[in-house]
Amino acid sequence: MGSKYLSLWLAIHWLSNVRCYVLTTRLSPIFIERNSNGGRGPLFSVVGPSSLDSENTSTLVKPSKQELLENLARDFAILAEARPPTPSADDSMSPVLVSAGSSYTRLWTHSTWQSHSRPPHIRYARHVLRWWSSSTARVILPAVLIATAYATVLCVLCRHLGWTGTMGRMVLHTRGLANILKIYLFDSNPYACTLAIRHMAAFPWVIKVALRGENSDRNLEVLKIMLGESSEDYEWAVAQNKLPVALTSRLRQLCSVALHQSPFVHAGVALMIEERIRELETVYGACQRIFTSPIPPTYSRHLSRVLTTWLLVTPMSLIASGLPTITVALTTTLGAYVLIGIDEVGMEIENAFALLPLQQLCGSAQNDIRDAFLTEMPTVGL
C-alpha cells in the first residue's frame, strides 16, 4: 500500500517539473520597453526572444553607465520641480507664519546673517518699514484690537453709569428733602420752607444749564418764575458766579432758620436735612468732575493709531493670504464698520451730558418736589 502512494507522488512531481520546463522554454518573457520621452520601466530592454528558447537565441543588454546617470539626472530634475527646496513650496506650513524678512522658517546663510546684523539704525528702520508684513503683527492684531475696544467700551459704560446714577440721586434727594420740610418744619415756619422749596425746584434746571452750556438767560427765566424778579433772592442769585452752589447755600440757610424756629423738632431731623443738602452738593460736584475730566485722551489717540494701522495692514495681509478680491473687500469693510463704530460710539458717549435726557430728569425732579410738598395727607387722629 505504501509503494502505491510513493509511485503516485513521484508521478505528480515528474509532471510538475515537465510543465515548468515547457513554460520556461517555450514562452518568451514580456518586458516593457522604456519610452524615448522618459517613460518609466525596467532598466533592461528586450532585444529578442528568451535565451532559454532553443529555437530563438538572444541576449538581454544592460544600459551603459552613461545612460544610467542620464536617467538618474533626469529623475532628479523632475523631482526638484515637483518638490522645490523653498519655503513657499511647503504646503503644510501656513503662509501667515512666514515672515517677509529674516525668519527661522528658512535656512540661514552668511548673507542672511550679514543682513540681519546690520547697525541698529538700519535694523530699526527696516523693521518699522516692514511692520505691515510682520507675521506676528498679523496674528496678534485682532487680539490687540479686541482688547482696545473692550477697554474703551468699559470706560464709556462706567462713565455712563456714573452720569445716570448722579442725576438719579439728585431726583431722589430733592424729593426726600421736600418731604422732610413739609412734615417736620412747615407748620412752625411756612415762609422759610416755601422759599426753600422754590430754590430747590430751580436747582435741577440750573445744573442743566451748567452742564449743557446753555445761555444764562434760561437760568434767569427759571429764577424769575420761582423767586420773583423783584425779590432780594432773585437779585442775590443773579449776582453769584456759581449759581448751583449759591442755591444749595441759600437752601441750607433757610432750613437752618426753620429749624431754629421749631424747638420741638429733634436733632435727627437736622441731620437728615443736612445729609440731603450735602448730597445735592455732591451731585453738582460729581457732574462737574465728569464734565471737566474726560477719559484720558491717550486712549483715544492710541485707538486711532491702532485702527489706522489695522485699516492699512489688513487688506495687505488678506491679499498676501491668497483670498479673492471680493472676500478681502467684504472682510475689511465688516471689520472697519465694527471697530470704527465702537470708536465713534465711545466719542459720543464720552460727553453724555449732551445726550442724556436732562430735560426729563429735571422735569421729574421738579414734579416730585411739587408732589412731595403740595400733596395733603390724611390727618392722624390722636
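Among residues other than ASN179 whose Cβ falls under 11 Å from its Cβ, what is the net charge (Lys/Arg +1, Asp/Glu -1)? Walk me through the numbers on the way to the answer.
On the way: positive: ARG175, LYS182, ARG276; negative: ASP368, ASP371.
My count for the surroundings of ASN179 gives +1.
Taking Lys and Arg as +1 and Asp and Glu as -1, the other residues whose beta-carbon sits under 11 Å from that of LEU247 total +2. The phi torsions of the stretch 203-213, fed into the Karplus equation with coefficients 6.51, -1.76 and 1.60 and a -60° offset, translate into couplings of 4, x, 6, 5, 5, 4, 4, 5, 7, 8, x Hz, rounded to whole numbers, with Gly and Pro shown as x. With N as its number of residues, the stretch 267-345 has a Cα radius of gyration that, divided by 2.2 N^0.38 Å, comes to 2.11.
Expressed in units of 2.2 N^0.38 Å, where N is the residue count, the Cα radius of gyration of the stretch 169-294 is 1.06.
Read the figures in this text as sums done on the coordinates, not as results from a lab. Quantities reported herein were computed from a predicted structural model and do not represent experimental measurements. Quick reminder, even Gly has a Cβ in these numbers, built from the backbone with ideal geometry, and neighbours come from all protein chains shown.
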